[in-house]
Amino acid sequence: MGLFSDFFLARRLRKGPTLLLPYVPDPASVLEVVRLHAPDARPYGDGLRVGGNVRLRGPIALPPGLAARAGIPAGWQTAYVAGNIDDEEGGEYDRPMALAAGLAERLNGTVHPRGPEPPADLAEVTGGRPVPVAELVAALAGELPGLTARAVAGGITVLSCGASPVEIVVEEDEDETGYSVCVDDGVRGPGLAETARRVALTIAARGGGTARDHNGFLIHETG
């Protein structure tokens, strides 16, 4: 690679969001995981096209010189850079970070130069039939004992319990009922994301909806 091209690649890696992996992945396996985020993801140039306006460039080998210029610590072997294909198009500006962060969770990697802030919405369930609140409370009793519901306003109901910061927000309108599994802004703690995944899967199983995590990846039984 020429010095000029190497300079621009290092700048791109440094800007991010860049997925770093400590190994050389199988491209087919990466595509399979990306399709949990966007089922229509496909090869595109030097990487993958994810949805209408997001590109995942890679795999990019990380020799020591390139890693040093990009500010990447030692020990990472492979990188992928997420970004918009056309910055003039709207609607997907937050998606590159979500894509990189979700892949890092599933592929034993990290996001460079920094990952996203802890999310308030940990998971969501869309589609399917509305699940009666009483049925939800009973179904989630094992996961969130003491769960109670309170109506807020405008078709919004919040289910919460004192033993956990995890809440379920149910939003109903004429066309669809959606479920958000969330915590207050800035709340952190071990196991919260996994609890949210199990709660979302339970709701989806009851109503036949689709469960996705906070990065927009489909949630399966294996997490």
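Looking at 206, 188, which is the one that is closer than 26 Å to residue 106 by Cβ and outside any loop (DSSP other than H, G, I, E, B)? Walk me through it before giving the result.
On the way: 188 fails: outside any loop (DSSP other than H, G, I, E, B).
From the options 206, 188, the qualifying one is 206.
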Sole miss for residue 170 among (1) open to solvent by 80 Å² or more (accessible area, probe 1.4 Å); (2) in contact with a strand residue (DSSP E or B) (Cβ under 8 Å, 6 or more places away or on another chain); (3) among the aliphatic types (A, V, I, L, M) is condition (1)
- Query: Is one or more of the residues making up region 182-189 among the charged types (D, E, K, R), within 24 Å of residue 117 (Cα to Cα), crowded, with 20+ Cβ neighbours inside 10 Å and touching a residue at least 12 places away in the same chain (Cβ under 8 Å)?
  - Reply: no
Here the residues within region 29-49 that are more than 14 Å from residue 218 (Cβ to Cβ) and surrounded by 19 or more Cβ atoms within 10 Å (Cβ to Cβ) are 30, 47, 48
So, first residue over 14 Å from residue 100 (Cβ atoms) in region 54-68, second residue open to solvent by 60 Å² or more (accessible area, probe 1.4 Å), Cβ within less than 8 Å, six or more apart or across chains; the pairs are 61/24; 61/77; 62/76; 62/77; 64/74; 67/73; 67/74; 67/76
Among strands (runs of 3 or more DSSP E) completely within region 128-180, the ones holding 1 or more residues that are under 20 Å from residue 193 (Cβ atoms) are 156-161, 164-172
Among strands (runs of 3 or more DSSP E) completely within region 1-90, the ones holding 1 or more residues that are within 19 Å of the chain's Cα centre (by Cα) and of a type outside the set (Lys, Arg) are 18-21, 47-50, 54-61, 78-84
Those residues of region 134-148 which are farther than 24 Å from residue 215 by Cα, surrounded by 13 or more Cβ atoms within 10 Å (Cβ to Cβ) and touching a strand residue (DSSP E or B) at 6+ places or on another chain (Cβ under 6 Å) amount to 147
Pairs returned, first residue in region 109-127 that is in contact (Cβ under 8 Å) with a residue 12 or more places away in the chain and within 15 Å of residue 217 (Cβ to Cβ), second residue that is open to solvent by 50 Å² or more (accessible area, probe 1.4 Å) and of a type in the set (A, V, I, L, M, F, W, C), beta-carbon separation under 6 angstrom, 6 or more apart or interchain, are 116/97
Residue hits (region 99-110; open to solvent by 20 Å² or more (accessible area, probe 1.4 Å) and not in a loop (DSSP other than H, G, I, E, B)) are 105, 106, 110
Log entry, pairs with first residue in region 194-223 being open to solvent by 20 Å² or more (accessible area, probe 1.4 Å), second being acidic (Asp, Glu), beta carbons closer than 6 Å, six or more apart or on different chains, reads 198/143; 212/124; 214/121
Of (1) surrounded by fewer than 17 Cβ atoms within 10 Å (Cβ to Cβ); (2) modelled with pLDDT of 95 or more; (3) out of contact with any Ser or Thr (no Cβ under 9 Å at 6 or more places or on another chain); (4) of a type in the set (Gly, Ala, Ser), residue 61 fails just (3)
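Answer yes if at least one residue in region 74-83 is open to solvent by less than 40 Å² (accessible area, probe 1.4 Å) and either closer than 30 Å to residue 159 by Cβ or among the hydroxyl-bearing types (Ser, Thr, Tyr) (or both), and no otherwise. Step through it out loud before you land on a result.
Pass one, region 74-83, residues open to solvent by less than 40 Å² (accessible area, probe 1.4 Å): 78-83.
Okay, now just the ones that are also either closer than 30 Å to residue 159 by Cβ or among the hydroxyl-bearing types (Ser, Thr, Tyr) (or both), so 78, 80.
Yes, there is a match, as at least one residue in region 74-83 is open to solvent by less than 40 Å² (accessible area, probe 1.4 Å) and either closer than 30 Å to residue 159 by Cβ or among the hydroxyl-bearing types (Ser, Thr, Tyr) (or both).
For residue 131, state whether it is touching an Asp or Glu at 6+ places or on another chain (Cβ under 8 Å) and open to solvent by less than 20 Å² (accessible area, probe 1.4 Å). Please lay out each step first, then the result.
Values: touching an Asp or Glu at 6+ places or on another chain (Cβ under 8 Å): no; open to solvent by less than 20 Å² (accessible area, probe 1.4 Å): yes.
In short, no.
Is it true that residue 54 is open to solvent by less than 70 Å² (accessible area, probe 1.4 Å) and modelled with pLDDT of 95 or more?
Against the criterion (open to solvent by less than 70 Å² (accessible area, probe 1.4 Å) and modelled with pLDDT of 95 or more), residue 54 does not qualify.
The values are calculated or read from the model by the stated rules, or taken from the named source; none is laboratory data. This one's a predicted model, so the numbers in the text were calculated from it and none came from an experiment. Backbone-built Cβ (ideal geometry, glycine too); neighbour counts: all protein chains shown. Ligands, DNA and RNA are stripped out before the accessible areas are found, and what is left, the full protein with its side chains, is counted by its heavy atoms. Shrake-Rupley method; radii C 1.70, N 1.55, O 1.52, S 1.80 Å.
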